Amino acid sequence: MPPHQSRRLIGVLALTMPLFLAVIVGVNGDAMAADVSKPLPGDARRGAALYETKCGACHSLDANRIGPSHRGVFGRKSGAVPKFAYSPALKKANLSWNAATLDRWLANPVATVPGTRMGFRLPAPQDRADVIAYLKSVSPAR
């Protein structure tokens, strides 16, 4: 490429790159903000498989493990499973578990309840929606 053409290309890139980056960052920032504020519809069957692979090492539906049992989590207050040793932060959080609070929690537990012991995140909005749909399906109606 002749020098005058490469200078021209560099000039075009220098002018357009900030706009391109602003659009990309802006779109991603908006998408990330929307991820937690408006839960997506979930697929409980896919959520069951995700729960087993992503959550099953620490949680069970019916037994306390590293984390508390999850059957009946919908409508339950945070820190309320009998015989589970919660962090003081989660005991004091006074959250009511529903689709919105679970979505925030699964997206970033440490930001939702600073001082919690759970650091695992489900970053993908659809994965969170599917796990939440599954947890809702295994919770008795209130």
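See the values below:
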| quantity | calculated |
| --- | --- |
| Near pairs, Cβ below 8 angstrom, 6+ apart or cross-chain, from the stretch 31-59 (within 13 Å of VAL138 (Cβ to Cβ) and surrounded by fewer than 16 Cβ atoms within 10 Å (Cβ to Cβ)) to any residue that is among the hydroxyl-bearing types (Ser, Thr, Tyr) and at pLDDT 95 or above | ARG45/TYR134 |
| Residue match in the stretch 77-90 (condition: outside any helix (DSSP H, G or I) and within 16 Å of the chain's Cα centre (by Cα)) | no |
| Enumeration of residues in the stretch 110-139 that are surrounded by fewer than 20 Cβ atoms within 10 Å (Cβ to Cβ) and among the aromatic types (Phe, Trp, Tyr) | PHE120 |
| First in the stretch 98-117 and more than 22 Å from ASP130 (Cβ to Cβ), second anywhere and assigned to a helix (DSSP H, G or I) and open to solvent by 60 Å² or more (accessible area, probe 1.4 Å), Cβ under 7 Å, 6 or more apart | GLY115/PRO88; THR116/VAL110 |
| Unique residue being closer than 20 Å to TYR51 by Cα, open to solvent by less than 50 Å² (accessible area, probe 1.4 Å) and outside any helix (DSSP H, G or I) when the list is ALA63, ALA100 | ALA63 |
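The values are calculated or read from the model by the stated rules, or taken from the named source; none is laboratory data. These figures come from a predicted structure and were not determined experimentally. In this analysis, Cβ positions are derived from the backbone assuming ideal geometry, glycine residues included, and neighbour counts consider all displayed protein chains. Protein only, heavy atoms only, side chains kept; ligands, DNA and RNA dropped before computing areas. Shrake-Rupley method; radii C 1.70, N 1.55, O 1.52, S 1.80 Å.
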